[in-house]
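So the structure is just underneath, and the comments pick up after that.
The values are calculated or read from the model by the stated rules, or taken from the named source; none is laboratory data. None of the values given here were measured: they were computed from a predicted structure. In this analysis, Cβ positions are derived from the backbone assuming ideal geometry, glycine residues included, and neighbour counts consider all displayed protein chains. Ligands, DNA and RNA are excluded from the accessible area calculation, which covers all protein heavy atoms including side chains. Shrake-Rupley method; radii C 1.70, N 1.55, O 1.52, S 1.80 Å.
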Amino acid sequence: MILIVDDTPENLISLKKVFEKHDFEVDTASSGEEALKKVLKNSYVLIILDVQMPGMDGFEVAEAISGYSKAKETAIIFLSAANTEFKFIAKGYSSGGLDYITKPVDMNILLLKVKTFYRIYEQNRKLNEMQKSLLEEIEFRKEAERKKDEFISIASHELKTPLTSVKGYVQLLERSVSKGDSETVKKHLNKAQSQLEKLNSLIADLLDISKIESGKLKFNKQNFPIDILLDNVIEVMTQSNPEFKIHKKGLANCEIYGDEMRIEQVIVNFLTNAIKYSPGTSEILLTINVSNDELYVAVKDYGIGMSPEQLDHVFDKFYRVEETSQRFQGLGIGLYISAEIIKRHGGQIGVNSIYGEGSEFYFTMPINLKTEFNA
Ligand code: ADP
């Protein structure tokens with residue numbers, strides 16, 4: 001928008017008319033003071049400013065405007081009967097542009113100048129936008145790079161820990177074998193095996209991530225009895241975590257159409273987290289039911305819980321709650337993979353949690369989605 005400032009009403013009217021005829025949006029002010037008020041309120045691309053005005057003259061107005069950060073990009077064209085005072089114009093004024101036209105105004109020249117200023121303004125605006133989006137993009141890359149580096153370092157550490165344990169147990173095994181101590185051999189073999197399972201599941205998660213990234217995570221869907229799956233999972237989890245009692249509430253009483261191993265992976269992930277993030281507790285509640293052809297499975301713990309801000313991110317890739325990441329081992333990818341699996345079964349995943357009281361992770365999915373779901 002252009003602001004025309006002139007104390008002579010006829011000048012205002014005639015200039016306004018010409019610019020509006022050329023499709024410019026125009027505002028007017030009949031004194032310097034009024035102009036300053038308008039500049040504070042509105043954004044102008046250009047101000048056409050009469051120099052000789054009673055009260056504040058054009059130069060004073062320009063000088064005052066130069067102090068407004070809002071008008072940093074605004075150009076000014078002075079209209080003056082005398083041109084000797086031009087040297088005063090630049091004093092203290094640095095704007096988007098500055099020009100000077102003597103009266104009587106040659107409208108063609110004025111229009112040409114206005115159009116040029118508009119073009120410069122538009123180019124400036126586009127350049128600023130481009131610069132802003134480039135800066136944002138650079139930041140986003142930088143951020144992705146930082147996350148990747150952090151992930152590689154955590155992943156290497158997570159892989160090295162069970163590997164070092166296995167190495168230790170194999171050395172111990174060697175000694176117990178040569179001593180013929182079969183009891184100790186069995187104990188060390190069990191320990192090595194459980195570390196190898198940990199290693200195996202870490203590598204499987206890493207492979208899943210790369211499959212998701214490349215769109216190659218495939219599903220082998222068929223009908224399976226979900227109640228039996230849950231009982232088996234509870235049995236295995238209780239065996240490896242005897243300090244926890246996993247209560248089951250409800251029954252599906254039907255078959256589910258989906259990838260059995262992948263659904264099991266999600267439930268195991270929920271239960272593993274429920275155990276991991278609930279030190280000092282011993283109860284977990286697993287709820288299952290089916291209503292309106294929709295399966296609902298939830299795992300509730302009474303552990304550390306999460307704050308609302310943390311909840312917003314738990315399904316993000318590589319996300320780990322900062323304040324607990326030192327205390328608990330993990331890669332921050334289990335829930336991301338679970339969310340992908342549930343999404344690809346046409347379902348929804350979610351969590352309710354109260355900081356310090358516990359969390360409840362749940363998912364829903366249609367029980368008989370026969371057509372391949374490829375969301
Ligand atoms: P990981 O446990 O390997 O870090 P996940 O993707 O399974 O990765 O979980 C992401 C993050 O969500 C965890 O690091 C943890 O901060 C938080 N979280 C997950 N489950 C729970 C839970 N039951 N209680 C509290 N925090 C949890």
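Here are some notes:
- Residues in the stretch 254-279 that are more than 8 Å from the ligand (Cβ to nearest atom) and closer than 22 Å to Arg320 by Cβ were compared, and the one that is most open to solvent (accessible area, probe 1.4 Å) is Pro279.
- Annotation: of all residues in the stretch 352-361 being crowded, with 18+ Cβ neighbours inside 10 Å and under 24 Å from the mean Cα position of the chain (by Cα), the one that is nearest to Tyr296 (Cα to Cα) is Phe361.
- Highlighted here are the strands (runs of 3 or more DSSP E) found entirely within the stretch 178-263 that include at least 1 residues which are aromatic (Phe, Trp, Tyr) and closer than 29 Å to Arg344 by Cβ: 222-225, 255-258.
- Scan of the stretch 127-186 for residues that are in contact (Cβ under 8 Å) with a residue 40 or more places away in the chain and open to solvent by 80 Å² or more (accessible area, probe 1.4 Å), ordered by number: Lys147, Glu150
- Meets criteria (within 12 Å of the ligand (Cβ to nearest atom), small (Gly, Ala, Ser) and farther than 17 Å from Gln348 by Cβ) for Ser282: no
Yes/no per residue for (1) at pLDDT 90 or above; (2) open to solvent by 10 Å² or more (accessible area, probe 1.4 Å):
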{"residue": "Val5", "(1), (2)": "yes, no"}
{"residue": "Glu25", "(1), (2)": "yes, yes"}
{"residue": "Glu34", "(1), (2)": "yes, yes"}
{"residue": "Pro54", "(1), (2)": "yes, yes"}
{"residue": "Ala62", "(1), (2)": "no, no"}
{"residue": "Ser69", "(1), (2)": "no, yes"}
{"residue": "Phe88", "(1), (2)": "no, yes"}
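- Listed by first and then second residue, the pairs linking a residue in the stretch 56-77 that is in contact (Cβ under 8 Å) with a residue 40 or more places away in the chain to a residue that is charged (D, E, K, R), with Cβ atoms under 7 Å apart and 6 or more places separating them unless they lie on different chains, are Gly58/Asp50; Ile77/Asp99; Ile77/Lys113.
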